[in-house]
1. If we keep just the residues of the stretch 96-119 that are aromatic (Phe, Trp, Tyr) and not in a loop (DSSP other than H, G, I, E, B), which is surrounded by the most Cβ atoms within 10 Å (Cβ to Cβ)?
2. Working only within the stretch 7-27, note down all residues that are more than 29 Å from residue 38 (Cβ to Cβ) and surrounded by 12 or more Cβ atoms within 10 Å (Cβ to Cβ).
3. Just the residues that are more than 23 Å from residue 70 (Cβ to Cβ) and small (Gly, Ala, Ser), please, taken from the stretch 5-39.
4. Give just the number: which of (1) among the polar types (S, T, N, Q); (2) modelled with pLDDT of 95 or more; (3) closer than 21 Å to residue 15 by Cα does residue 95 not satisfy?
5. Within 30 Å of residue 10 (Cα to Cα), of a type in the set (Gly, Ala, Ser) and in contact (Cβ under 8 Å) with a residue 12 or more places away in the chain - does that describe any residue in the stretch 31-41?
6. In the set 19, 101, which member is farther than 25 Å from residue 118 by Cα and hydrophobic (A, V, I, L, M, F, W, C)?
7. Determine if the stretch 51-69 includes at least one residue that is of a type in the set (Gly, Ala, Ser), under 21 Å from residue 18 (Cα atoms) and exposed (fewer than 15 other Cβ atoms within 10 Å of the Cβ).
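The values are calculated or read from the model by the stated rules, or taken from the named source; none is laboratory data. Because the structure is a prediction, the values reported are computed rather than measured. Methodologically, a virtual Cβ is constructed for each residue, glycine included, from the backbone with ideal geometry; neighbour enumeration extends over all protein chains shown.
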Amino acid sequence: MNFPFGFGQKSSLLLIFFFHGIVFSFLLLRKGFLYNNKPSKWLSFLLFLSAMYIAPYMLGYASWYTKTVAREILFFVPFMQVLLIGPVIYFYTKNLLNPSFKIDKKNRLHFIPALFYLV
């Protein structure tokens, strides 16, 4: 597969934000695992979702929609998981205010719409 990297002004600007989002997401996730800090893990997930939200725009401006293989990937991979942003912010805040908070069966119901969208 030969993917074109035709980055222009718009896609390069989005690439900067995408790259920083992925790097800081990784750093927060690492901090979360090293210090067993749950809010850092949730914030890492939120940053990752934000970076994934701009990925199709960045790749679209880089003319990936013009190539058949890349177009299929962009159309059928759900990069934008908007239905996860609300529950992630909710659980991040819950863990920030109550460090002993754990997700039980009742709280897992918040993820059902995102699972339906993923399927």
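1. Within the stretch 96-119, the subset aromatic (Phe, Trp, Tyr) is 101, 111, 116-117.
Then drop every residue that is not not in a loop (DSSP other than H, G, I, E, B), which leaves 111, 116-117.
On the way: 111: 16, 116: 9, 117: 13.
Applying the filter and picking the extreme gives 111.
2. Answer for the stretch 7-27, where residues must be more than 29 Å from residue 38 (Cβ to Cβ) and surrounded by 12 or more Cβ atoms within 10 Å (Cβ to Cβ): 7, 10, 11, 12, 13, 14, 15.
3. Across the stretch 5-39, the qualifying residues are 25, 32.
4. With (1) among the polar types (S, T, N, Q); (2) modelled with pLDDT of 95 or more; (3) closer than 21 Å to residue 15 by Cα applied to residue 95, the lone miss is (3).
5. Checked the stretch 31-41: no residue is within 30 Å of residue 10 (Cα to Cα), of a type in the set (Gly, Ala, Ser) and in contact (Cβ under 8 Å) with a residue 12 or more places away in the chain.
6. Details: 19 fails: farther than 25 Å from residue 118 by Cα.
Every option except 101 fails the conditions.
7. Here is the first cut: in the stretch 51-69, the residues of a type in the set (Gly, Ala, Ser) are 51, 55, 60, 62-63.
Remaining after also requiring under 21 Å from residue 18 (Cα atoms): 51, 55, 60, 62-63.
Imposing the further condition that a residue be exposed (fewer than 15 other Cβ atoms within 10 Å of the Cβ) reduces the set to none.
For the stretch 51-69, residues of a type in the set (Gly, Ala, Ser), under 21 Å from residue 18 (Cα atoms) and exposed (fewer than 15 other Cβ atoms within 10 Å of the Cβ): absent.
Yes or no, residue by residue, for (1) outside any helix (DSSP H, G or I); (2) in contact (Cβ under 8 Å) with a residue 24 or more places away in the chain:
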| position | (1), (2) |
| --- | --- |
| 51 | no, yes |
| 55 | no, yes |
| 65 | no, no |
| 71 | no, no |
| 74 | no, no |
| 80 | yes, yes |
| 86 | no, yes |
| 89 | no, yes |
| 94 | no, no |
